[in-house]
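The values are calculated or read from the model by the stated rules, or taken from the named source; none is laboratory data. Quantities reported herein were computed from a predicted structural model and do not represent experimental measurements. Because the Cβ atoms are built from the backbone with ideal geometry, glycine has one as well, and the counts that use them run over all protein chains shown.
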Amino acid sequence: MKSKPRANTWLPALPNNGEPIYSQLLSALEADVAAGRLPAGFRMPPQRELARTLGISAGTVTKAYAEAERLGLVQGQVGRGTFVSGREQSNGRARRVVDLSLNIPGPRMPAALLSAAFSKIGRRNDLLNYAGYIAHPGIEEHRQVFAAMLRDIGYEPSAENMLITNGAQHSMNVALGAICKPGDTVLTEAATFHGMKALAEFSHYKIAGVAMDADGILPEALDQTVVRTRAKVLFTIPTLQNPTARIMSNERRREIVKIARKRDILLVEDDVYGLIAHGVEPLAQMAPERTFYVNSFSKCVLPGLRVGLLVAPPPYLQQVYRAMRATAWMGSPIASMIIADWIRDGTVRKIVRGMHEEADRRTRLAKSILGDAMPARQPPSFHIWLEMPADEVSRLANYSRRHGVLTTPLSAPVVDQTLICGMRVSIGAPERIEDLESALRVLAAGLSDDTEHHTSYI
């Protein structure tokens, strides 16, 4: 029987730079690969063995190894172990891949905060009351807390009209499932959230894009598109629109509501960025009789808890309940308990404030590097939109990928290329601001005329 290859000894020097331990371990691994101390084919120590050697948790090593594999530094082989990959280098450094394609907000939540939340609920005497099946809308106490929170951003929903869902995507599915059937046309901005496109494809809805300007959907274009398509539903993201990060003014929102009432169409308002960039009135406040309001805590608190909100006009509640029953029965009462506790004790407010500050910091960094390529009216956001023709998007994406930067494909957000075209850049995704800065400089070089001789790697 052939014996397995023995792992070589590796004792990394962690940089102790204040970053999470897994990130320090990743940096040490990258540095040793770049310096040749870990050659291609080197068999890495087993994760538990390295954890014992360094006196850290096995989960920390697992996370570092997983990120190293995603970056192409190492490759796991089932039954054999983890091996150092052959790595392209430039200027004596291993190339680091930075992913700007995923619209992930920052900063990351401290693990201790989540651990404390689980410890707190574990001490509750009534915990089992939240562990069984509950009514479709969710725990009334939690809905009351969420409704009160939304009043802080200018929306005054009734908790009786609210459902707690498993994230915004689930809320969208429930709302559209309650009011649409296969073959129906759903209007969206000319470029929209790729999750909406995926939902439409899965549910066999047609999508028609509506022209935009810097203020969002154009009212006259909406009116004409409704007449042309006979659509009865508009899905819109009026605040920090994804992918363009545009914020629809209150005046424009009133015009959109006027068209909706004139043509008797329903609105599905995705307000997942409303907590980060409030100051405008939700469409659901202007037209509660025809607006399905969608929100969640994924973009502003924590994606993994999967707590979403859906506020529906009262005449449609029974249809919404049926859609809820058919998709998930209920949202997680334990996850919503954590969020409700964090709202009461001010944690959510603190996290959201930190999100806004980090979005402002990163947006200003992007503006300083990309300059006029960015929109003139760019609000603080974790995604930016670089408007350009399709062939330029393709060229810049290919150039960036060759230099270790991944961007969002054009096909992901754009509904109608005749109305809008460009590249979404997700500046919240990199944990390290240094990685973001390097990636943005690659994009800036790719946007300049002289790109053929640019050979540095990040």
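Whether any residue in the range 81-95 is modelled with pLDDT of 80 or more, assigned to a helix (DSSP H, G or I) and either farther than 21 Å from GLU431 by Cα or of a type in the set (A, V, I, L, M, F, W, C) (or both) is what I want to check. So that I can check it myself, show each step before the final result.
Keep residues of the range 81-95 that are modelled with pLDDT of 80 or more, which gives 81-84.
Now drop any that are not assigned to a helix (DSSP H, G or I), which leaves none.
The answer is no; no qualifying residue exists.
Condition (residue is of a type in the set (S, T, N, Q), buried (at least 16 other Cβ atoms within 10 Å of the Cβ) and at pLDDT 80 or above) applied to the range 106-124: is it met by at least one residue? Please lay out each step first, then the result.
We begin by selecting, within the range 106-124, every residue of a type in the set (S, T, N, Q); these are 115, 119.
Adding the requirement that they be buried (at least 16 other Cβ atoms within 10 Å of the Cβ) leaves none.
Checked against the condition, which is being of a type in the set (S, T, N, Q), buried (at least 16 other Cβ atoms within 10 Å of the Cβ) and at pLDDT 80 or above, the range 106-124 yields no hits at all.
Having 3 or more residues that are of a type in the set (S, T, N, Q) is the bar; report the helices (runs of 4 or more DSSP H) wholly within the range 101-212 that clear it.
Numbers: elements: 111-122, 140-151, 168-179, 194-203.
Output list reads 168-179.
Among the residues of the range 40-54, are any hydrophobic (A, V, I, L, M, F, W, C), in contact with a helix residue (DSSP H, G or I) (Cβ under 8 Å, 6 or more places away or on another chain), modelled with pLDDT under 90 and closer than 26 Å to GLY404 by Cα?
no
Which count do you get for residues in the range 275-307 that are of a type in the set (Gly, Ala, Ser), over 23 Å from PRO380 (Cα atoms) and not in a loop (DSSP other than H, G, I, E, B)?
Pass one, the range 275-307, residues of a type in the set (Gly, Ala, Ser): 277, 279, 284, 287, 296, 298, 304.
Still in the running and over 23 Å from PRO380 (Cα atoms): 284, 287, 304.
Next cut, not in a loop (DSSP other than H, G, I, E, B) only: 284, 304.
The total comes to 2.
Can you tell me which residue is farthest from THR327 (Cα to Cα) among those in the range 179-199 that are among the aliphatic types (A, V, I, L, M) and surrounded by fewer than 22 Cβ atoms within 10 Å (Cβ to Cβ)? Can you show your working first?
First, the residues of the range 179-199 that are among the aliphatic types (A, V, I, L, M): 179, 186-187, 190-191, 196, 198-199.
From what is left, the residues that are surrounded by fewer than 22 Cβ atoms within 10 Å (Cβ to Cβ) are 179, 198-199.
Working: ILE179: 15, ALA198: 16, LEU199: 13 Å.
Result: ALA198.
Might you check whether a residue that is modelled with pLDDT of 95 or more, surrounded by 24 or more Cβ atoms within 10 Å (Cβ to Cβ) and either touching a Lys or Arg at 6+ places or on another chain (Cβ under 7 Å) or farther than 30 Å from ILE334 by Cβ (or both) occurs anywhere in the range 277-294?
yes
Give all pairs with beta carbons closer than 7 Å in which a residue from the range 19-31 that is over 11 Å from THR62 (Cα atoms) meets a residue that is of a type in the set (Ser, Thr, Tyr); count only pairs at least 6 apart in sequence or on separate chains.
Listed pairs, sorted by first residue: ILE21/THR60.
Just checking, which of ALA68, ALA40 is crowded, with 18+ Cβ neighbours inside 10 Å and of a type in the set (Gly, Ala, Ser)?
Numbers: ALA40 fails: crowded, with 18+ Cβ neighbours inside 10 Å.
Selected residue: ALA68, the only one of ALA68, ALA40 that is crowded, with 18+ Cβ neighbours inside 10 Å and of a type in the set (Gly, Ala, Ser).
Could you check the range 371-407 and list, in sequence order, the residues that are closer than 28 Å to VAL301 by Cα and in contact with a helix residue (DSSP H, G or I) (Cβ under 8 Å, 6 or more places away or on another chain)?
In the first step, residues of the range 371-407 are kept if they are closer than 28 Å to VAL301 by Cα; the result is 374-375, 377-386, 405-407.
Matches in the range 371-407: MET374, GLN378, PRO379, PRO380, SER381, PHE382, ILE384, LEU386, VAL405, LEU406, THR407.
Run down VAL257, VAL272 and say which single residue is touching a residue at least 12 places away in the same chain (Cβ under 8 Å) and not in a helix (DSSP H, G or I).
Working: VAL257 fails: not in a helix (DSSP H, G or I).
Every option except VAL272 fails the conditions.
From the residues in the range 125-134 that are in contact (Cβ under 8 Å) with a residue 60 or more places away in the chain and over 20 Å from ILE343 (Cβ atoms), which one is surrounded by the most Cβ atoms within 10 Å (Cβ to Cβ)?
Out of the qualifying residues, it is ALA131.
Here is a yes/no grid of residues against (1) modelled with pLDDT under 95; (2) assigned by TED's automatic domain parsing to the domain that holds PRO379; (3) out of contact with any Phe, Trp or Tyr (no Cβ under 9 Å at 6 or more places or on another chain):
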{"site": "ASP126", "(1), (2), (3)": "yes, no, yes"}
{"site": "PHE193", "(1), (2), (3)": "no, no, no"}
{"site": "GLY216", "(1), (2), (3)": "no, no, yes"}
{"site": "ALA231", "(1), (2), (3)": "no, no, yes"}
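Mind listing whichever residues of the range 36-60 are farther than 13 Å from TRP10 by Cα and touching a residue at least 24 places away in the same chain (Cβ under 8 Å)?
Hits for the range 36-60 are ALA40, GLY41, ILE56, THR60.
Need the failing condition index for MET149 against (1) of a type in the set (A, V, I, L, M, F, W, C); (2) touching a residue at least 60 places away in the same chain (Cβ under 8 Å); (3) surrounded by fewer than 14 Cβ atoms within 10 Å (Cβ to Cβ), just the number.
Against the list (1) of a type in the set (A, V, I, L, M, F, W, C); (2) touching a residue at least 60 places away in the same chain (Cβ under 8 Å); (3) surrounded by fewer than 14 Cβ atoms within 10 Å (Cβ to Cβ), MET149 comes up short only on (3).
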